[in-house]
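K.L.:
One structure is given below, represented as structure tokens, and several questions about it will come after.
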Amino acid sequence: MVIDIIYNIALLLSVSVVYATYPFKAMRTTKRFLTIMGFAIGLVGMLIMSRPFVLADGIVFDGRSIIIGVTGMFFGPIPAIIASCIMLSYRIFLGGSGMVTGISVISTACAIGVLWHHFRYRRFMQTKSPANFELYLVGLLVHVVMLACMFLIPNQDQWHVVRAMSLPILFVYPIGSYLLSMLLFFQVQRIDIINRLEISEHRFKTMFEQAPMGITVTDSRTATPIEVNRKFLEIIGRTRDSFIGVTWMSITHPDDIAADQHLTESLINGDIESFTLDKRFIRPDGTFVWVNMAISILKTPLKGIRQHLCMVTDITERKAMEEAILYANSHDPLTDLFNRTHFERKLKELDSVGVYPLAVAIGDVNGLKLVNDAFGREVGDGLLIRIAREIQSIMGTGGYCARIGGDEYALLLPTTDEASAWALTATIQQRISTIGVRSVEVTVSFGVAVKHHTGEDLNEVVKQAENALNRSKLSESPSARSKAINTIINTLHEKNRREELHSRRVSVLGVRLAEALGLGNKEVSEMRTAGLLHDIGKIAIDESILNKDGVLNEAEWEAIKRHPETGYRILGSVGELGEVATFILSHHERMDGKGYPRGLRGEEIPLQARIITIVDAYDAMTAARPYREAVGDREAAAELKRCSGSQFDTDLARLFVEQVLQLSWDDLK
């Protein structure tokens, strides 16, 4: 008997190899899979039931309780119920006096297994150190119930069966159930570990391939790349196939190889654990890409194998920004010359090298402010750029020139004596004199000083050059500005012949009114100059506006209204015309404060400006315009009277009418 039972259990255990085959390894839990598994287990159960231990006619024992209980425990209700139905059908087919007991054993084993699966399976499998004894207790419970089912056998056989089968049912069967459960438990654990490893490997590969930075694994001894990810290949501009056989040194920029090799050797020798390095990789098209590399030793469980891990980030844009910032910190954004900060650093550098004699030349553009005021800042900027280009072309690629101020340039001339330095500045002045801004001649004044030996203070040498520049400007600058003023007024008159005639008439009338007022020779002379230059600010107005036949629109009128301020800035650059400039600024103010640009009223307006206002208005009325005819002296005088007190100074207007025009003020209507 015992041999037959052991044989049955051995058959059960051998058939249990089914659990280790492909479907179970896949750990699929779809209903379709569970259904197929139920039929498979049912067929296995029938195979087991076909070789039972026969105790009496119609009373047989086999391992069905084991397979059904374990199926319910580890596979759940669907396969357990299907397998139970198959085995129940087969048991009914076999018949005999133990049929009801057999049916009860199959049903109770299925129920106990399914209940344990529902309440305990998930928690049991998730426990790191599960109490495997629990599996034995479940098997024991199944077979205690099985033993109880023996009392369903007809009375004449009950005690005989119980006495004969108690020992196998309570000891052998639970052990068989326990062994099969342990087999499945370890199989499930093994599959779970395999699945976790596969998931971990897949996750690692996904992270490796889809990482936003380049990642490489390299053999430390041979410097041969073992693994590279997609981002790294993208950074260096290669495909995986084209990267085969490539070594790190072959794609590293020659200037970066030495630093790379030194740090890598230190890493391999154990002197350092990791390092970071900015270097350049050469792409197949010959361009290079800047990368930041973070490299560390990769510890592996394999003896004798040394590898290192490298994280690669494309920093080309960052490097370009850094270079742009460094360039901006040392260069003038307008002329592209070096700036003052770089000039001071260069001074210290040359001084430390000791390249004597070291000449310093400081240059200043005469009349830049005048050009800006007359023609606009854009024209002035263009002038500075052209001057810088001329200086660079004369200095050559080895020369040093910096823009150290708004209109100042500095030249550093190693191994150059004072005579040679002055000769060079003369050449520059001659070349720049050919540059004109709308017929205005441009000049540059220079000052030169030389450091001959180490004992001299280079800062003092720079001050000497600046003092020499100031002396040059005292003699050169005023004449240059006066010349520029004459050129500007001539240019304006060339643009508009009507403006020239108007300015001359205003000058004459202004002088006559000043004399009638009893002003001194100085004031009369200033009045003559102010009359000639009162509209010089119109040089900055577009010619199409000045020569327009029709009525001006709002934007054009605003441009016209800016000419007193422009004239003031132009004339203010010439010291001797400073007072005249204030008259020009105010010659469109009104006595009632409604004039421009400052809205002055009454006595706030300079006397000479009030004179210009009257004679300017009179000449404008009596001179023909494209859009209207001229009016007579009497009509113009009547208009002056009508607007006196609001636009014009009443006393000056009356004096102008009676003394200059020789008309009766009281008779005017």
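K.L.:
Mind checking whether some residue in segment 224-244 is touching a helix residue (DSSP H, G or I) at 6+ places or on another chain (Cβ under 6 Å), closer than 26 Å to LEU135 by Cα, touching a residue at least 12 places away in the same chain (Cβ under 8 Å) and in a helix (DSSP H, G or I)?
P.N.:
Checked segment 224-244: no residue is touching a helix residue (DSSP H, G or I) at 6+ places or on another chain (Cβ under 6 Å), closer than 26 Å to LEU135 by Cα, touching a residue at least 12 places away in the same chain (Cβ under 8 Å) and in a helix (DSSP H, G or I).
K.L.:
What pairs can you find where one residue is in segment 551-562 and open to solvent by 50 Å² or more (accessible area, probe 1.4 Å), the other is polar (S, T, N, Q), and their Cβ atoms are less than 9 Å apart, with a gap of 6+ or different chains?
P.N.:
The qualifying pairs do not exist here.
K.L.:
Next question, about the same structure. Taking segment 324-354, which residues are modelled with pLDDT under 90, open to solvent by 50 Å² or more (accessible area, probe 1.4 Å) and of a type in the set (D, E, K, R)?
P.N.:
Matches in segment 324-354: LYS348, GLU349.
K.L.:
I'm trying to understand the selection: among the residues of segment 297-321, which are surrounded by fewer than 13 Cβ atoms within 10 Å (Cβ to Cβ) and part of a helix (DSSP H, G or I)?
P.N.:
Those that are surrounded by fewer than 13 Cβ atoms within 10 Å (Cβ to Cβ) and part of a helix (DSSP H, G or I): GLU317, ALA320, MET321.
K.L.:
Among the numbered criteria (1) outside any strand (DSSP E or B); (2) in contact with a strand residue (DSSP E or B) (Cβ under 7 Å, 6 or more places away or on another chain); (3) within 30 Å of GLU322 (Cβ to Cβ), which single criterion is violated by ALA294?
P.N.:
(1)
Each row is one residue, and each column tells you yes or no for (1) part of a helix (DSSP H, G or I); (2) over 26 Å from ILE66 (Cα atoms).
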position: ALA164; (1), (2): yes, no
position: LEU179; (1), (2): yes, no
position: LEU184; (1), (2): yes, no
position: SER200; (1), (2): yes, yes
position: PHE208; (1), (2): yes, yes
position: THR216; (1), (2): no, yes
position: ARG221; (1), (2): no, yes
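K.L.:
Let me ask something additional. Quickly run through segment 266-281 and pick out the residues that are crowded, with 17+ Cβ neighbours inside 10 Å and not aromatic (Phe, Trp, Tyr).
P.N.:
Residues satisfying the conditions are LEU267, LYS279, ARG280.
K.L.:
Just to be sure before I move on: is VAL100 β-branched (Val, Ile, Thr), under 21 Å from ILE153 (Cα atoms) and surrounded by 16 or more Cβ atoms within 10 Å (Cβ to Cβ) in the structure I sent? So that I can check it myself, show each step before the final result.
P.N.:
On the way: β-branched (Val, Ile, Thr): yes; under 21 Å from ILE153 (Cα atoms): yes; surrounded by 16 or more Cβ atoms within 10 Å (Cβ to Cβ): no.
The answer is no for VAL100.
K.L.:
For PHE375, indicate whether it is buried (at least 20 other Cβ atoms within 10 Å of the Cβ) and farther than 30 Å from GLY578 by Cβ.
P.N.:
No: the conditions fail for PHE375.
K.L.:
Follow-up. Among the numbered criteria (1) within 60 Å of the chain's Cα centre (by Cα); (2) open to solvent by 20 Å² or more (accessible area, probe 1.4 Å); (3) closer than 24 Å to LEU546 by Cα, which one does ALA630 miss?
P.N.:
Among (1) within 60 Å of the chain's Cα centre (by Cα); (2) open to solvent by 20 Å² or more (accessible area, probe 1.4 Å); (3) closer than 24 Å to LEU546 by Cα, the lone unmet condition for ALA630 is (1).
K.L.:
To continue, here is another question. State all residues of segment 488-504 that are surrounded by fewer than 18 Cβ atoms within 10 Å (Cβ to Cβ) and either among the hydroxyl-bearing types (Ser, Thr, Tyr) or at pLDDT 80 or above (or both); if no residue qualifies, say none.
P.N.:
If the condition is that a residue be surrounded by fewer than 18 Cβ atoms within 10 Å (Cβ to Cβ) and either among the hydroxyl-bearing types (Ser, Thr, Tyr) or at pLDDT 80 or above (or both), then THR491, LEU501, ARG504 are the ones that fit.
K.L.:
Working only within segment 245-260, note down all residues that are of a type outside the set (Phe, Trp, Tyr) and in contact with a helix residue (DSSP H, G or I) (Cβ under 8 Å, 6 or more places away or on another chain). Full working, then the answer.
P.N.:
Step one: of segment 245-260, the residues of a type outside the set (Phe, Trp, Tyr) are 245-247, 249-260.
Passing the criteria: MET249, ILE251, THR252, ILE257, ASP260.
K.L.:
Return the pair list, or none, for Cβ contacts closer than 6 Å from residues in segment 180-208 that are within 17 Å of GLN126 (Cβ to Cβ) to residues that are open to solvent by 60 Å² or more (accessible area, probe 1.4 Å) and part of a helix (DSSP H, G or I), at least 6 apart or on different chains.
P.N.:
Correct list of pairs: ILE191/LYS25.
K.L.:
Continuing with this model, one more query. Anything in segment 245-254 that is farther than 14 Å from VAL291 by Cβ and in a helix (DSSP H, G or I)? List them, or say none.
P.N.:
Within segment 245-254, MET249, SER250, PRO254 meet the criteria.
K.L.:
Could you list, in sequence order, the residues of segment 368-422 that are under 15 Å from ASP332 (Cβ atoms) and of a type in the set (Gly, Ala, Ser)?
P.N.:
Within segment 368-422, GLY380, GLY382, ALA388, ALA402, GLY405, GLY406, ALA410 qualify.
K.L.:
Separate question: Within segment 60-76, track down each residue that is under 28 Å from ILE153 (Cα atoms) and either of a type in the set (Lys, Arg) or assigned to a helix (DSSP H, G or I) (or both).
P.N.:
Scanning segment 60-76 gives ARG64, SER65, ILE66, ILE67, ILE68, GLY69, VAL70, THR71, GLY72, MET73.
K.L.:
Which pairs turn up if I take residues in segment 262-288 that are farther than 20 Å from ARG318 by Cα and look for partners that are β-branched (Val, Ile, Thr) and part of a loop (DSSP other than H, G, I, E, B) with beta carbon separation below 6 Å, at least 6 apart in sequence or on another chain?
P.N.:
Taking only residues 6 or more apart or on different chains, the pairs are SER266/ILE272.
K.L.:
Would you pick out the residues in segment 573-591 that are open to solvent by 10 Å² or more (accessible area, probe 1.4 Å), in contact with a Lys or Arg (Cβ under 8 Å, 6 or more places away or on another chain) and touching a residue at least 60 places away in the same chain (Cβ under 8 Å)?
P.N.:
SER573 - this is the single residue of segment 573-591 that is open to solvent by 10 Å² or more (accessible area, probe 1.4 Å), in contact with a Lys or Arg (Cβ under 8 Å, 6 or more places away or on another chain) and touching a residue at least 60 places away in the same chain (Cβ under 8 Å).
K.L.:
Quick one: would you say ILE215 is surrounded by 14 or more Cβ atoms within 10 Å (Cβ to Cβ), in contact (Cβ under 8 Å) with a residue 40 or more places away in the chain, in contact with a Pro (Cβ under 9 Å, 6 or more places away or on another chain) and β-branched (Val, Ile, Thr)?
P.N.:
Answer is no for this residue.
K.L.:
Name the helices (runs of 4 or more DSSP H) wholly inside segment 353-471 in which the number of residues that are over 43 Å from the mean Cα position of the chain (by Cα) is 1 or more. Full working, then the answer.
P.N.:
Working: elements: 368-375, 377-395, 418-432.
By residue number, 418-432.
K.L.:
Next question. Collect the residues in segment 240-264 that are over 19 Å from GLN307 (Cα atoms) and either charged (D, E, K, R) or touching a strand residue (DSSP E or B) at 6+ places or on another chain (Cβ under 6 Å) (or both), keeping them in residue-number order.
P.N.:
ARG240, ASP241, ILE251, HIS253, ASP255, ASP256 - these are the residues of segment 240-264 that are over 19 Å from GLN307 (Cα atoms) and either charged (D, E, K, R) or touching a strand residue (DSSP E or B) at 6+ places or on another chain (Cβ under 6 Å) (or both).
K.L.:
Return the pair list, or none, for Cβ contacts closer than 7 Å from residues in segment 592-611 that are within 20 Å of ARG654 (Cα to Cα) and basic (Lys, Arg) to residues that are open to solvent by less than 20 Å² (accessible area, probe 1.4 Å) and not in a loop (DSSP other than H, G, I, E, B), at least 6 apart or on different chains.
P.N.:
ARG610/LEU652
K.L.:
Now for a separate question. Among the residues of segment 200-217, are any over 26 Å from THR300 (Cβ atoms) and out of contact with any strand residue (DSSP E or B) (no Cβ under 8 Å at 6 or more places or on another chain)?
P.N.:
Within segment 200-217, none of the residues are over 26 Å from THR300 (Cβ atoms) and out of contact with any strand residue (DSSP E or B) (no Cβ under 8 Å at 6 or more places or on another chain).
K.L.:
Does ILE169 qualify as being modelled with pLDDT of 80 or more, more than 60 Å from the chain's Cα centre (by Cα), farther than 16 Å from GLY76 by Cα and open to solvent by 30 Å² or more (accessible area, probe 1.4 Å)?
P.N.:
Values: modelled with pLDDT of 80 or more: yes; more than 60 Å from the chain's Cα centre (by Cα): yes; farther than 16 Å from GLY76 by Cα: yes; open to solvent by 30 Å² or more (accessible area, probe 1.4 Å): no.
Against the criterion (modelled with pLDDT of 80 or more, more than 60 Å from the chain's Cα centre (by Cα), farther than 16 Å from GLY76 by Cα and open to solvent by 30 Å² or more (accessible area, probe 1.4 Å)), ILE169 does not qualify.
K.L.:
Tell me, please, whether a residue that is within 26 Å of the chain's Cα centre (by Cα) and surrounded by fewer than 16 Cβ atoms within 10 Å (Cβ to Cβ) can be found in segment 286-293.
P.N.:
Yes, the conditions are met somewhere in segment 286-293.
The values are calculated or read from the model by the stated rules, or taken from the named source; none is laboratory data. This one's a predicted model, so the numbers in the text were calculated from it and none came from an experiment. Counting neighbours? That spans all protein chains shown, and the Cβs are built from the backbone with ideal geometry, glycine included. The protein model used for the area step is the full one, side chains on, heavy atoms only, and it has no ligands, DNA or RNA in it. Shrake-Rupley method; radii C 1.70, N 1.55, O 1.52, S 1.80 Å.
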